[in-house]
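Please read the structure below before turning to the comments.
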Amino acid sequence: MKRAIITGASSGIGAEMAREFARRGYEVVLLARRADLLDQLAKELPRATAIACDVTDSEAVHDAVARSGPFDVAIANAGVGVTAWAAKSVADAEVMMRVNYFGMLYLFDAVMPSMMERRSGQFAGVASIAGLRGLPTSAGYSASKAAMQVFLEAARVELKSFNIRVTTVNPGFIVTAMTEKNKFKMPFLMKADRAARIIVDGVERGKRVVEFPLPMSMAMRFARIVPSWMYDRVLGAARIRE
Ligand SMILES: NC(=O)c1ccc[n+]([C@@H]2O[C@H](COP(=O)([O-])OP(=O)(O)OC[C@H]3O[C@@H](n4cnc5c(N)ncnc54)[C@H](OP(=O)(O)O)[C@@H]3O)[C@@H](O)[C@H]2O)c1
């Protein structure tokens, strides 16, 4: 039986991915801070273990993996997103970097030795379409997701010779607690269970990049190639006042 570890499994996309992996016959290990929610989810699934863990605590992540490994699949999904002006958000940016980027690195560091020894495994990081270009009022979030993307890309190339696949996941807007606070109309908003199915499908196929919904992906890929003056003009028009 295949085994998967998922961080940020107490809610949203992470909880739905846990359900999806379980439906596909995986044994799942669930990490997040809210133990009550994790326990509730673990009880709902046929073969699941809940471990309360803060992903910014490297030792705690290593302990959790040592207690519950080895894994065929590891998904770094835990994340936080704070909307704020770039000039006002250094503290928030630091938290986002710690959870989103370093949280992923600690999981990577904890699972990789066993995967490399077995010459088998798959690692996926849930980044975001927001990491493809700097989004105004999301500078810290965009930066943390861009950091994840470039790390995962480099690791993917390095780990090929160890038969380990690395997947970058870039979702658009998904209905979760993270987006619930957004006041603006979110284009191509998708439900979390559908997003989870797309991600798990992509992971099982060993895709390098899983990016969705397609119109959102195409819009951001286009935004990446337009010149900076054009990007500024279009995004500047949509400026959010604070
Ligand atoms: N929703 C979207 O539109 C969207 C779009 C693109 C990418 N994403 C990414 O998708 C991932 C999941 O987010 P979501 O939308 O499902 O939001 P969510 O429902 O708020 O889930 C976030 C998860 O991360 C966990 N988490 C946060 N800080 C943590 C920490 N220090 N240690 C351990 N776990 C922590 C939370 O669990 P605890 O609070 O219990 O610790 C929770 O399970 C994030 O990386 C997010 O950036 C979301």
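The values are calculated or read from the model by the stated rules, or taken from the named source; none is laboratory data. Keep in mind the model is a prediction, meaning the values are calculated, not measured. In this analysis, Cβ positions are derived from the backbone assuming ideal geometry, glycine residues included, and neighbour counts consider all displayed protein chains. Accessible surface areas use protein heavy atoms only, side chains included; no ligands, DNA or RNA. Shrake-Rupley method; radii C 1.70, N 1.55, O 1.52, S 1.80 Å.
Tabulate in residue order the Karplus-calculated ³J(HN,Hα) for region 47-53, using 6.51 cos²θ - 1.76 cosθ + 1.60 with θ = phi - 60°, rounded to whole Hz; enter x for Gly and Pro.
Each residue's phi maps through the Karplus curve to give 9, 9, 10, 9, 10, 5, 7 Hz.
For region 128-242, take N as its residue count and report Rg(C-alpha) divided by 2.2 N^0.38 Å.
1.15
Pick from 125, 69, 172: which is most flexible by mean-square fluctuation in a GNM of the chain where alpha carbon atoms under 10 Å apart are linked?
Top of the fluctuation ranking is 69.
What pairs from 185/207; 160/207; 2/43; 181/207 go past 21 Å between their alpha carbons?
185/207; 181/207
I'd like the distance separating the alpha-carbon centroids of region 170-187 and region 95-140, in whole Å.
20 Å
In debye, nearest 20: dipole of region 157-209 around its Cα centre with unit charges on the Cβ of K, R (+) and D, E (-)?
Its charge dipole is roughly 160 debye.
Pulled fully out, how much extra length does the chain show between residue 119 and residue 185, if you take 0.36 nm times their separation in residues and subtract their Cα-Cα distance?
Full extension of this stretch gives 19.3 nm more.
222 nm [θ] for the chain, helices only, -39500 (n - 2.57) per DSSP H run of 4+, per residue, to 500?
The helix-only estimate for the chain comes to -14500 deg cm²/dmol at 222 nm.
Treating only the Cβ of Lys, Arg, Asp and Glu as charged (+1, +1, -1, -1), what charge dipole size does the chain show about its Cα centre? Round to the nearest 20 debye.
In total the dipole reaches around 860 debye.
Hey, can you grab everything whose amide H is under 5 Å from the amide H of residue 47? Only 5+ residues off in sequence or another chain; H modelled, so Pro and N-termini drop out.
Correct list: 28.
Bin all alpha-carbon pair distances of region 1-117 at 5 Å intervals from 0 and give each bin's fraction as a whole percent.
Bins of 5 Å from zero give 2, 13, 23, 23, 18, 11, 6, 3, 2, 0 percent of pairs.
Label points 7 Å out from Cα along the Cβ direction at residue 94 and residue 80: separation in nm?
So the two model labels end up 1.2 nm from each other.
Counting Lys and Arg as +1 and Asp and Glu as -1, what is the net charge of the other residues whose Cβ lies under 12 Å from the Cβ of residue 69?
Surrounding charge for residue 69 is -1.
Dividing the convex hull volume of the Cα atoms of region 3-238 by its residue count, what figure in Å³ per residue is obtained?
Normalising the Cα hull of region 3-238 by residue number yields 119 Å³.
Using Cα springs under 10 Å in a Gaussian network model of the chain, which residue among 46, 227, 187 shows the largest mean-square fluctuation?
Ranking 46, 227, 187 by mean-square fluctuation puts 227 first.
Residue-wise, which Karplus ³J(HN,Hα) couplings in Hz belong to region 227-233, taking 6.51 cos²θ - 1.76 cosθ + 1.60, θ = phi - 60°, and x for glycine or proline?
Going residue by residue, I get x, 4, 4, 6, 4, 4, 5 Hz, with x marking Gly and Pro.
Over the chain, with every protein chain in place, what whole percent of the accessible area is carbon and sulfur at 1.4 Å, could you tell me?
Carbon and sulfur: 55 percent of the exposed surface of the chain.
Which ³J(HN,Hα) values, rounded to whole Hz and listed in residue order, are derived for region 68-82 from phi using the Karplus coefficients 6.51, -1.76 and 1.60 in 6.51 cos²θ - 1.76 cosθ + 1.60 with θ = phi - 60°, glycine and proline given as x?
10, x, x, 10, 7, 9, 10, 10, 8, 10, 3, x, 10, x, 10
Please check: in the Gaussian network model of the chain (C-alpha springs, under 10 Å), which one of 168, 179, 49 has the largest mean-square fluctuation.
179
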